[in-house]
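Below is one structure; the comments refer to it alone.
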Amino acid sequence: MQIKPDDLQNAATQGIISTQQADALWRFLAEARADTPSFSAGHILYYLGGLIAIGAMTLFMTLGWEHYGGWWIFNVSVVYGLIAVSLAHWLLYRKHLAIPAGILLALGIAMTPLAIYGLQRAMGLWSDNHLAYRDYHRYIEWNWIMMEFGTLIAANIALWRYRLPFGVMPVAVTLWYMSMDLTPFLAGGETYLSWELRKLVSVWFGILMLLVAFWVDIRSRRDRDFAFWLYLFGCLTFWGGLSMMDSNSELNKFIYLLINLGLIAIGAILSRRIFAVCGGLGTAGYLGHLANTIFKDSMLFPFALTAIGLGVIYLGIVWQKHEAAISASLRKCLPRELQELITQRG
């Protein structure tokens, strides 16, 4: 629930609180939410600058670095990462600016795969000289696995030292990459792999990421939101693999619809929009399948679909009218930790 200054002023007008209390309460809420990500101008500049800096040393890395050798790449990336972490430490403890500190921490973590790549090059352990670091973000290869494991280790150490939610972003991206690179790694570097196997690995890896995200969410329910990025990439990994699978029967397609409806329900319960977005796209895809195949020439299908849509809207009206009572009854059946999580995130 979003509270605006006008809401407090309306409460003061109705005599619930005084005008002075409304002003003081708004200042208190504004200070308390200073570290909560938002679409304010300052936060947009934070993230834009951070993404430019991270992209410069990851996505936009050029081949010019390769000419200086592995040790040069390793040393520069380590120094670069240490400077970023040091600036994060200074911003967090001296300036009390958690959001830019988290972005710089993520930049420091993002230097880990480049440092490992440079070290492997320097020690003659790089197994494929046709691959350069810039290919890390372009191609699915088993060679990246050690870089990904190293990034996860470095990220865990950094997050243990600095509890900053944006530092989870490179972890989630690395796990997403790993879900793609794991299949050729397990197959011993074979280049020709069944797409069905890739999809299956993506689905199960996505489920694992979502379970980890839920565990993190439960553990940090009274703290900042550390699970956002894990939910985001976990859901995309799971739903992407599931949606690309071939459904050879209408029953399988209907099960796909039920899974997507379940994602929407999970998104509503946990207040996670990514579930609702993926579930909504999957549901729309299934309805498109019905329109183009099963009911291709049916004149009644649009009318039936409209009736279903209106029924769903009516269900939403009934739910909103009795939401408090229904939610209270349902939450009594849940474990205490999950009740607290729903209350905090909702």
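The values are calculated or read from the model by the stated rules, or taken from the named source; none is laboratory data. In this text, all values refer to a predicted model and were calculated from it rather than measured experimentally. So basically every Cβ, Gly included, is an ideal-geometry build from the backbone, and we count neighbours across all protein chains shown.
Below is a table of values for the structure above.
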{"item": "Matching entry among ILE52, ILE73 (being part of a helix (DSSP H, G or I) and surrounded by fewer than 12 Cβ atoms within 10 Å (Cβ to Cβ))", "result": "ILE52"}
{"item": "Test: ALA110 is buried (at least 17 other Cβ atoms within 10 Å of the Cβ) and in contact with a helix residue (DSSP H, G or I) (Cβ under 8 Å, 6 or more places away or on another chain)", "result": "yes"}
{"item": "LEU182 vs. criteria in a helix (DSSP H, G or I) and under 18 Å from the mean Cα position of the chain (by Cα)", "result": "no"}
{"item": "Top-ranked residue in segment 246-271 [being closer than 28 Å to TYR177 by Cβ and touching a residue at least 60 places away in the same chain (Cβ under 8 Å); ranked as surrounded by the fewest Cβ atoms within 10 Å (Cβ to Cβ)]", "result": "SER271"}
{"item": "Checking SER86 against (1) polar (S, T, N, Q); (2) surrounded by fewer than 17 Cβ atoms within 10 Å (Cβ to Cβ); (3) modelled with pLDDT under 80, the condition it does not meet", "result": "(3)"}
{"item": "Condition met for PHE275 (under 27 Å from THR237 (Cα atoms), assigned to a helix (DSSP H, G or I) and not basic (Lys, Arg))", "result": "yes"}
{"item": "Matching residues, segment 142-173, being more than 17 Å from VAL85 (Cβ to Cβ) and surrounded by 19 or more Cβ atoms within 10 Å (Cβ to Cβ)", "result": "TRP142, ASN143, TRP144, MET147, GLU148, ALA172, VAL173"}
{"item": "Residue, surrounded by the most Cβ atoms within 10 Å (Cβ to Cβ), within segment 23-47, restricted to residues that are among the charged types (D, E, K, R) and modelled with pLDDT under 70", "result": "ASP35"}
{"item": "Residue match in segment 117-132 (condition: out of contact with any His (no Cβ under 9 Å at 6 or more places or on another chain), closer than 25 Å to VAL216 by Cβ and modelled with pLDDT of 90 or more)", "result": "no"}
{"item": "Single condition THR58 does not satisfy, out of (1) modelled with pLDDT of 90 or more; (2) crowded, with 19+ Cβ neighbours inside 10 Å", "result": "(1)"}
{"item": "Residues being within 15 Å of TRP239 (Cα to Cα) and in contact (Cβ under 8 Å) with a residue 40 or more places away in the chain - total across segment 282-315", "result": "2"}
{"item": "Residue within segment 233-245 that is over 30 Å from LEU152 (Cα atoms) and either among the hydrophobic types (A, V, I, L, M, F, W, C) or surrounded by 15 or more Cβ atoms within 10 Å (Cβ to Cβ) (or both) present", "result": "no"}
{"item": "Test: residue in segment 95-112 that is modelled with pLDDT under 90, assigned to a loop (DSSP other than H, G, I, E, B) and at negative phi", "result": "yes"}
{"item": "Long-range neighbours under 7 Å by Cβ, at least six apart or interchain, first residue assigned to a loop (DSSP other than H, G, I, E, B) within segment 210-226, second modelled with pLDDT under 95 and aromatic (Phe, Trp, Tyr)", "result": "SER220/PHE226"}
